[in-house]
Amino acid sequence: MVQNVDFIAPFSSMVPECCHIVKSFIKDSVSYLSYGTQMNFFDYVKKYVDKLLIEVLNNSILDKIHSGTTGVSQAMQIAANTNILEKACDYFVQNVAQLCGIPIRAVQNPKSSLNAKILLETSRDKAYLALLTLVNNKLDEFMALTNNVKWTSDDLPQHANEYKFNANGLLMTSEYCVLRFQGGGQKYKGCGVLVPK
């Protein structure tokens, strides 16, 4: 008997779609460059893949981050997606090597990595900063509600301390989502700083 198991991936469907496009690009580039030649074209394909990841994918991510329409959950998802894409860069290099007939162990060193990996890491950090800014803005809104509380009144108005529950709920949800998407690799602190565990 097969049981249904809910699986929540730490990334959205954008990641497999991008990986599929990059792998198709690699395959087509190798096929095109190998037609009628016997030269080693690993460096050329790697350069084109790097250019694709930097000029198309990374720039799209940065445009989305800086668009001003990104919400908390979207910023969190962008950070999670970028984290996975950054790790996928090593697999892209291995795929290029495999299709070019180069042993994979020959490209498993820092010299062979793509420049896009560093830029995607920077974009991930920018997504984290956007997330922190959004959360801090929400906290400022909640803290501004304290101005409406009558601290010396004998009659307590209904729902006077509701902002505390809203702020607590926001913080708990944000922390839960960040830890879930990042797998515990980053820890969110309420003071607005991300620090490695």
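Since every read-out is calculated from the coordinates, none of them should be taken as a lab result. This structure is a prediction, so every number in the text was calculated from the model and none was measured. All Cβ positions, glycine included, derive from the backbone under ideal geometry; neighbour counts span all protein chains shown.
Things worth noting here:
- Applied to the range 81-89, the Karplus parametrisation 6.51 cos²θ - 1.76 cosθ + 1.60 on θ = phi - 60° returns per-residue 3J(HN,Hα) values of 5, 5, 4, 5, 5, 4, 5, 6, 4 Hz, with x for Gly and Pro.
- Fully extending the segment from Ile21 to Lys164, taken as 0.36 nm per residue of separation minus the present Cα-Cα distance, adds 46.8 nm.
- Calculated FRET efficiency for the pair Ser12/Leu129, C-beta based, R₀ 22 Å, to 0.05: 0.65
- A full extension of the chain between Thr69 and Ala106 corresponds to an added length of 9.0 nm, given 0.36 nm per residue minus the alpha carbon distance.
- Among the listed pairs Lys46/Lys87; Lys51/Lys117; Lys27/Lys126; Lys23/Lys64; Lys51/Lys111, a Cα-Cα separation exceeding 20 Å is found for Lys27/Lys126; Lys23/Lys64.
- Extension gain, Ile118 to Asp43, is 25.2 nm, computed as 0.36 nm per intervening residue step minus the present C-alpha separation.
- Legend: ranking of residues Glu121, Glu86 from fewest to most surrounding C-beta atoms inside 10 Å; resulting order Glu121, Glu86.
- Based on Cα contacts under 8 Å between residues 6+ apart, the range 1-137 shows a relative contact order of 33 percent.
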